[in-house]
Amino acid sequence: MRYDNLASSFLRLGCKVEMNAPMSRITSFRIGGPADLLVTASNYNDVISVKQICESQSIPLTYMGNGSNMLVSDKGVDGIVLRMDSKTGEPAIENDLVVCSAGVSLKKLCTFSKDAGLSGLEFAYGIPGSVGGAVYMNAGAYGGQFSDVVQWVDALFPDGQIRRVDTQGLKFGYRHSVFMENGAIVMAAAFRLTCDSPSSIAERMDEFMRRRRDKQPLEYPSAGSFFKRPEGFYAGALIEGSGLKGFSVGAAQVSDKHAGFIINRGGATCDEVIRLAEIVTKRVLLDSGITLEPEVRFVGRN
């Protein structure tokens with residue numbers, strides 16, 4: 001079989017490989033059918049090699065971070081799903097910057113920075129994603145966002161070259177970066193932070209985490225805030241104002257704790273989430289004239 005041969009090739013590179021890997025197991029939504037081949041790369045050269053092999057054989061390639069901001073089709077994903085090992089390129093201090101690879105979790109990055117007495121990433125503590133995904137979408141919370149602290153990003157471009165992109169070239173906007181336009185894969189990033197005491201940083205991190213636990217439905221699988229924040233409004237408030245807090249389609253539900261979240265109450269399907277999101281979008285548009293846009297990335301077979 002085609003993928004048997006590919007799996008052998010990727011294993012020889014040193015990658016971890018799993019055939020027919022259920023995406024529901026590795027996404028925060030706990031939704032999604034199988035990927036033909038799930039490949040976990042241990043270094044940048046492996047990522048380049050996997051990309052080259054897929055291109056040479058016209059095999060679809062989907063790159064993922066920590067699976068925390070994506071909704072995967074119930075029918076699964078064609079071809080290869082590629083991710084970086086979270087233990088690759090762990091945080092380090094280089095030239096007064098905190099540098100780490102795309103696969104590192106935000107929790108690990110925030111904890112490393114706190115222990116080093118470096119402030120600026122407290123807002124990201126508790127966001128269940130990876131560095132690559134956070135940079136890709138310019139993730140933010142509680143008044144902070146990654147564009148505030150990113151100094152440069154190393155990315156693998158479609159031509160197969162790794163190039164460094166500085167702050168001007170990143171084109172950061174609200175939940176947007178240049179990588180949504182150019183097809184490049186985030187490989188590593190550097191952050192310019194400010195000095196502060198670890199105890200003060202820890203206090204702010206703990207306060208943000210307390211606020212998350214109090215206001216967000218962390219007890220259920222979700223992809224975080226499902227919709228982008230419309231300018232001048234809050235998606236959750238608009239949805240609640242339309243009377244949809246707690247509204248369900250199957251096991252997919254608008255959280256009755258925070259209406260900006262769509263949650264999986266157990267066994268929800270991608271189709272149920274999509275139908276629920278469509279109902280919410282239409283109702284809010286009818287009631288307020290505002291069109292909600294998904295923040296979540298949709299992946300997989302139609």
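Round to a whole angstrom and tell me the spacing of the C-alpha centers of the stretch 1-41 and the stretch 258-302.
For the stretch 1-41 versus the stretch 258-302, the Cα centre distance is 27 Å.
Expressed as a fraction of 2.2 N^0.38 Å, the rule-of-thumb size for a compact globular protein of N residues, what is the C-alpha radius of gyration of the chain?
That works out to 1.01 for the chain.
Out of all DSSP beta bridges with both ends in the chain, state the antiparallel percent to the nearest 5.
Taking every DSSP beta bridge with both residues in the chain, the antiparallel ones total about 75 percent.
Relative contact order for the chain: what is it in percent, counting Cα pairs under 8 Å that are at least 6 residues apart?
Normalised by residue count, the contact order of the chain is 17 percent.
Run down the lysines and flag those whose C-alpha is under 21 Å from the C-alpha of K108, throwing out any fewer than 8 positions away in its chain.
K87
Can you give the relative contact order of the stretch 2-84 as a percent, counting alpha carbon pairs under 8 Å and 6+ residues apart?
Computed over the stretch 2-84, the figure is 34 percent.
Sum -39500 (n - 2.57) across every DSSP H segment of at least 4 residues in the chain, then divide by the residue count to get the 222 nm mean residue ellipticity, nearest 500.
When only DSSP H runs of four or more count, the value is -9000 deg cm²/dmol.
Could you tell me which of the pairs K107/K245; K107/K171; K16/K114; K171/K228 are separated by over 23 angstrom between their Cα atoms in the structure shown?
K107/K245; K107/K171; K16/K114
What full-extension length gain, to one decimal in nm, is calculated for R210 and N302 as 0.36 nm per residue of separation minus the Cα-Cα distance?
Answer, rounded to one decimal: 29.3 nm.
Computed over the Cα atoms, what is the radius of gyration of the stretch 217-299 divided by 2.2 N^0.38 Å, N being its residue count?
Against the empirical 2.2 N^0.38 Å value, I get 0.97 for the stretch 217-299.
For the stretch 155-239, taking Cα atoms only, what is the radius of gyration to one decimal and the Dmax to the nearest whole Å?
17.7, 46
List, largest first, the extents of the alpha carbons of the stretch 2-84 along their principal axes, each in whole Å.
That gives 31, 24, 18 Å along the principal axes, largest extent first.
Would you compute, for the Cα atoms of the stretch 27-148, the largest minus smallest coordinate along each principal axis and list the three values in descending order, in whole Å?
46, 30, 21
Laboratory data are not the source of any read-out in this text; all were calculated from the coordinates shown. Keep in mind that what you see is a predicted model, and the values were worked out from it rather than measured.
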